[in-house]
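In what follows, a structure is listed as structure tokens, so that the remarks can point back to it.
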Amino acid sequence: MVAGKRILLGVTGGIAAYKAAYLLREFQKSGAQVRVIMTPSATRFVGTETFSSLSRHEVAVDVFNQENPGNDWTKHIHWGDWADIFVIAPCTANTLAKIVYGQSDNMLTSTLLAARCPILICPTMDGEMYESPAVTENLQKAKELGFYILEPESGYLASGIEAVGRLPEPEKIIEESSKIIGKHSIQGPLTGKQVLVSAGPTREFIDPVRFISNPSTGKMGIAMAEAARLLGGNVTLLHGPVTAEIPDRLKSESFITADELFEQVKAHQDADVIIMAAAVSDFKAAETNNHKVKKEHASLTLELSRNPDILEWLGQNKNPGQILIGFAMETEHLRKHALSKLERKKLDWICANSLSEGGAGFGSDTNKITLLGKQTEEAFTGTKQQVANQILEKIFPE
Ligand code: CTP
């Protein structure tokens, strides 16, 4: 269950902080991606470098970017949105108290308040502390507030005594995290399905400063990815140089050229559902120059060559049961062209998008789309997110 999931690991300042490094490795071995947030006192037990090397990602400690003041201080929002679960292991009595009272005096506690994902607290401390009335009461309050608690185990503690307070083994924490993720994952018609969505324009470079592209912002494709996620799909978004914002909760990979997109699509070709919303350039420069072409040396004719038709290739190499959804953006004869693309590219569905209608097309926040299937035809209007939701609800009813 944790394979492919995103784990935010919060490490607080107790001696068991060193065990969080092993926990991180075990999460990774189970196929999860891990990012680490430490409290300042946790860094006295283990260096941030240990966690950044293991997670291959920066470790967050400060809300404010010390090296680059004023920059990137909203990580607590983004990371909280990115994660499928936030696991605090070990969680000291001090951080537990802050959690219960909603304090946000460091990166970890601020992210806790901002996080939308489930939060698992692994209280770890000395036996007497754990049994103190304040900690007992705080644990009770944390449960009432909806936090998940994994009780510590009994054993030999750093103080030399045998008592309850040890951090459970990584396997146990991973098992518990897995159960919680399962409980919180969206149940819908796409649950358990891999969904691949492409969005945005491609850029085909002529030289380092010039390219062929189109005005796609990626909004509609991103909305399709979000709609698939809301139906329970395990979504991967492939995106070109988009101007629309990509929510951190979406797993994404970027491309620039149609050839790069083609390679990424091939790598995900086994997806159950593929939605090609990218505005792929049909042509690229026949030759690219490594240096800027000076205008006095440039020919006034640009030689082009064809890009692969990725969707057509997908149609020719379709897996049994796979659903292929394409887009057709037209300025005239919308229905006719869309139906011919549906057939030629062997698609299950095509979203016909007219460029000549108001409130639709590139960059607009709203859209008008006619969904065409082999036997179905239905038009949807609204914001791009509403239209995307309606399209996928029609294709994948409950
Ligand atoms: N598409 C693709 N690869 C291309 C061109 C388009 O995968 N080289 C996909 C788009 O992502 C879209 C669908 O094919 O889902 C239709 O794209 P569109 O540009 O409307 O049509 P084309 O097939 O390029 O045909 P034409 O340019 O003649 O309209």
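Can you work out the FRET efficiency for the pair Glu49 and Asp282, with r the C-beta to C-beta distance and R0 = 45 Å, to the nearest 0.05?
Efficiency, from the Cβ-Cβ distance: 0.40.
Any idea what diffusion coefficient region 6-184 gets from Stokes-Einstein, in µm²/s, Kirkwood Rh on alpha carbon pairs, 37 °C, 0.692 mPa s? Could the numbers behind the result be given before it?
Values: Rh = 16.1 Å.
The diffusion coefficient I find is 204 µm²/s.
Once you list every other residue whose beta carbon is under 12 Å from the beta carbon of Val235, what net charge do they have if Lys and Arg are +1 and Asp and Glu are -1?
Numbers: positive: Lys193, Arg229, Arg249, Lys251; negative: Glu226, Glu253, Asp272.
That sum, taken over residues with Cβ under 12 Å, equals +1.
Send over the semi-axes of the chain's equivalent ellipsoid, whole angstrom and largest first, taken as the square roots of 5 times the C-alpha gyration tensor eigenvalues. List each step's numbers first, then the result.
Numbers: eigenvalues 456, 120, 64 Å².
Equivalent ellipsoid semi-axes, largest first: 48, 25, 18 Å.
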- prompt: Angle between the Cα long axis of helix 17-29 and the longest principal axis of the chain, 0 to 90 degrees, nearest 10?
  reply: 30
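Per the Cauchy relation, a quarter of the hull surface: what is the mean projected area of the convex hull of the alpha carbons in region 2-45, in nm²? Kindly include the intermediate steps, with their values, before the conclusion.
Details: hull surface 10.4 nm².
Reported value for the Cα convex hull: 2.6 nm².
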query: Of the beta bridges DSSP finds with both residues in region 192-273, what % are antiparallel, to the nearest 5?
result: 20
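Based on the mean of other Cβ atoms within 10 Å per residue, sort peptides 142-154, 79-91 so the most packed one is first.
Values: 142-154: 15.2, 79-91: 24.5.
Peptide ranking by packing, descending: 79-91, 142-154.
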message: Given 4 °C and 1.567 mPa s, compute D for region 50-109 with the Stokes-Einstein relation, Rh being the Kirkwood radius over Cα pairs; round to the nearest whole µm²/s.
response: 99
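So for region 223-268, what percent of the C-alpha to C-alpha distances run longer than 12 Å? Mind showing how you got there, number by number?
On the way: 649 of 1035 pairs.
Value for region 223-268: 63 percent of Cα pairs lie more than 12 Å apart.
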Region 286-380: GluC sites (Glu not before Pro) in DSSP loop, at most 14 other beta carbons within 10 Å: Glu287, Glu303, Glu332, Glu357
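Apply 1/(1 + (r/R0)^6) to the Cβ-Cβ distance of Val164 and Glu26, taking R0 = 25 Å, and write down the FRET efficiency to the nearest 0.05. List each step's numbers first, then the result.
Values: r = 23 Å, r/R0 = 0.91.
The calculated FRET efficiency here is 0.65.
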- request: For region 40-163, give the share of DSSP beta bridges that are antiparallel, in percent and rounded to the nearest 5; count only bridges with both residues there.
  value: 25
- request: With a bin width of 5 angstrom, please list the P(r) values of region 1-96 as percents of all Cα-Cα pairs, from the 0 bin to the one holding the largest distance.
  value: 3, 14, 24, 26, 20, 10, 3, 0
C-alpha long axis of helix 133-144 to longest principal axis of the chain, angle in °: 20
- request: When you have a sec, figure out the Kirkwood radius of region 136-271 from all distinct Cα pair distances and drop it here in Å to one decimal?
  value: 18.7
task: Take region 206-286, drop everything but the C-alpha atoms, weight them equally and run the Debye formula without solvent; then report log10 I(q)/I(0) at 0.11, 0.14, 0.22, 0.25 Å⁻¹ to two decimals.
output: -0.31, -0.49, -1.11, -1.36
statement: Most fluctuating of Lys341, Lys295, Lys266 in the GNM of the chain (C-alpha, under 10 Å) is Lys295
query: Given only helices, namely DSSP H runs of n ≥ 4 each adding -39500 (n - 2.57), what is the per-residue ellipticity at 222 nm of the chain, to the nearest 500 deg cm²/dmol?
result: -9500 deg cm²/dmol
- line: Ser41 and His337 label points (each 7 Å along its Cα→Cβ direction) are spaced in nm at 6.5
query: Using alpha carbon centroids, what distance separates region 6-40 and region 322-346, in Å?
result: 47
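Looking only at Cα atoms, what is the convex hull volume of region 81-196 per residue, in Å³? Don't skip to the end; give the middle numbers.
Numbers: hull volume 13.6 nm³, N = 116.
Looking at region 81-196, the number lands at 117 Å³ per residue.
Out of all DSSP beta bridges in the chain, what portion is antiparallel? Express it as a percent rounded to 5. The partial results should precede the final answer.
Working: 22 of 64 bridges.
Antiparallel: roughly 35 percent of the beta bridges in the chain.
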- request: Return P(r) of region 194-395 (all Cα-Cα pairs; 10 Å bins starting at 0; whole %; ordered from short to long distances).
  value: 9, 36, 36, 14, 5, 0
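No value in this document is a laboratory result; all are computed from the given coordinates. Since the structure is predicted, the reported quantities are computational estimates derived from the model, not experimental observations. All Cβ positions, glycine included, derive from the backbone under ideal geometry; neighbour counts span all protein chains shown.
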